[in-house]
């Protein structure tokens, strides 16, 4: 427990005893001393419930002292005429001890419960990942096994075009599979905190360019419009990871929208961060799909079926948050989805100086 | 073929299935292939077979691929292409800084690897200073005369921009790491000033690429470095 909360506890002890004393003084003309003892006991119980054992015992001792001095005859001294008051003191101390021990054990159990819940959450994500793996791996594996066994067993009876088609489909599915496995691994590494950011100055323009080159085939049926201001500041990020985050958003856009629609990539420098937006103009998603997609992005939830999609968005979100940025999504007026993320700006580095040429 | 009638390629790779398809693909292209299943074997084979180029997997069972590269580099300038898994980002850069000339990431299409092999072999037979004139897209850059044109129009390049292009041009078609570029263009004290590269590469693209957002020649290898791809 830190010093601050301990001080607060002792302040409560003093406050509670002071309160009980005032109440007791107000009660003295009309109530029996035993009832005044009850008020002090209440103070002990309150402090024991709210604070650690130290303040609770302090309250008990202070209460005994105040009670003895002000209420137990002879008043104005700490001497005790009647031995039975010693029992009152002992009970006050015992109550303080018992209640604070009870409270401590309840607190410990609550902490254990919370830890168990985190474990359960991790377990849930893990089983969702497993479900997603088995679902998304089965189809490509089936295709690969089928196509390659056709080639191996009856390749000579197929014509060149058929052989090529089969081989190409093995290649495509294998690449798809490899992408998916990479995503699963990546998500696992992000979940377990196994990723250390390798930050360096990066230009978002270059990150966008390499995403577009890497995903050229997947984005071939969409019109990708890039809007980057010329004076976009550099960001200090793990460029490989940010490239993945942006790539996952574009892949998601391409997968969810009909061919020949527009995907728009935008970035803007703001006062403390850079805002990156990927917009699509699908209009085809109903509210339920929309809610599901958003949930994946906002909560990093991963679903079993079609997990590849949720995985991509969850990875994007995890990468952005690892960089200290925010990720969110909203609807584009007129139908469509906008995925946004921010990357915090750092103080711009010293720029190279070059004498005028020639 | 650039490196003689029948260039020899050494493949250092422990997975037999990967050696098989690499052997087949390289054989079809007319290369003579020597296969080594371990790092130590690979290093010995490099000495006895004197290959024109080596393809080295980074994850070898006995010694680290980077160590194989260091040992080969200690006595031979032969081009070395590294094959790495995606999660080995750091060792990939380490391998390049240790003297590897290029890399492919698993899984790769054979065409991609063959293109790297051709570029590396071409580089090996070219004079070490690189070509004096670089042509890519609509740009023509004369490094000796310090003149640049794009689509027939004169373009002004600063001395640093020329030096950057010359360094990339020396390894035409191959990746050059941030550290290598910074050290060779700005000097060893600037080896970590990656932001210099970000600024100057943007300037070069703005001046020389047709569409700077979708560059065809001044290519970013995210997290690794840059590559200049000229027209064949």
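Laid out as a table, the results:
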read-out	value
Degrees separating the helix B:110-125 axis from the principal Cα axis of chain B, which is the longest one	70
Within chain A, helix-based [θ] at 222 nm, where runs of 4 or more DSSP H residues each add -39,500 (n - 2.57), nearest 500	-22000 deg cm²/dmol
Kirkwood Rh and Cα Rg combined as Rg over Rh, evaluated for chain A	1.28
Angle between chain A longest axis and helix A:84-154 axis [Cα atoms, degrees, rounded to 10]	10
Computed over chain A: relative contact order in percent, which uses C-alpha pairs under 8 Å that are six or more apart	13
Averaged over B:218-227, number of beta-carbon atoms from partner chains that fall within 10 Å	5
Listed peptides B:216-229, B:69-82, A:257-270 by packing density, highest first (mean Cβ within 10 Å)	B:216-229, B:69-82, A:257-270
Number of partner chain Cβ atoms within 10 Å, mean per residue of B:185-196	3
FRET efficiency, 1/(1 + (r/R0)^6) with R0 56 Å, evaluated for residue A:332 and residue B:6 via beta carbons	0.45
Distance between segment B:143-169 and segment B:3-49 - C-alpha centres, whole angstrom	38
Sequence ranges A:227-233, A:154-160, ranked by mean other-Cβ count within 10 angstrom, highest first	A:227-233, A:154-160
Segment A:127-191 shape via C-alpha gyration tensor axes, a/c threshold 1.5	prolate
FRET efficiency for residue A:142 and residue B:189, using Cβ-Cβ distance with R0 set to 60 Å, rounded to 0.05	0.60
Rounded FRET efficiency, nearest 0.05, which uses the C-beta distance separating residue B:41 from residue B:154 and R0 of 56 Å	0.55
Residue-averaged beta-carbon neighbours from other chains (10 angstrom radius) around A:202-212	6
Translational diffusion coefficient (Stokes-Einstein; Kirkwood radius from C-alpha pairs) of segment B:133-228 at 4 °C, 1.567 mPa s, in µm²/s	98
Relative contact order (percent, whole number), segment A:233-279, Cα cutoff 8 Å, 6+ residue spacing	33
Tilt relative to chain A, helix A:3-27 - C-alpha long axis, 0 to 90 degrees, to 10	40
Label-point separation in nm, residue B:138 to residue A:65, each point 7 Å along Cα→Cβ	9.1
Proxy reagent accessibility, fewest Cβ within 10 Å first, across A:183, B:106, B:50, B:202	B:50, B:106, B:202, A:183
GNM result for chain B, Cα springs below 10 Å: residue of B:172, B:96, B:22 fluctuating most strongly	B:22
Normalised contact order of segment A:176-296, rounded percent, pairs of Cα under 8 Å and 6 or more residues apart	24
Global geometry of segment A:3-113, whether rounded, prolate or oblate, following the gyration tensor of its Cα atoms and the 1.5 cut on a/c	prolate
Centre separation in Å (Cα based) which lies between segment A:188-229 and segment A:1-28	58
Rounded if a/c under 1.5, otherwise prolate or oblate - segment B:8-125, Cα gyration tensor axes	rounded
Cα gyration tensor of chain B - equivalent ellipsoid semi-axes, whole Å, descending	32, 19, 16
Computed [θ] at 222 nm, deg cm²/dmol, chain B (DSSP H ≥ 4; -39,500 (n - 2.57); rounded to nearest 500)	-12500 deg cm²/dmol
Simple spin-label estimate for residue A:4 and residue B:109 in nanometres, 7 Å along Cα-Cβ	5.8
Nitroxide proxy distance, nm - points 7 Å out along Cα→Cβ at residue A:182 and residue A:30	8.1
For peptides A:169-179, A:51-61, sequence by mean Cβ density within 10 Å, most packed first	A:51-61, A:169-179
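Read the figures in this text as sums done on the coordinates, not as results from a lab. Predicted model only: the values in this text are computed from it and were never measured. Don't worry about glycine lacking a Cβ; one is built from the backbone with ideal geometry, like all the others, and counts go over all protein chains shown.
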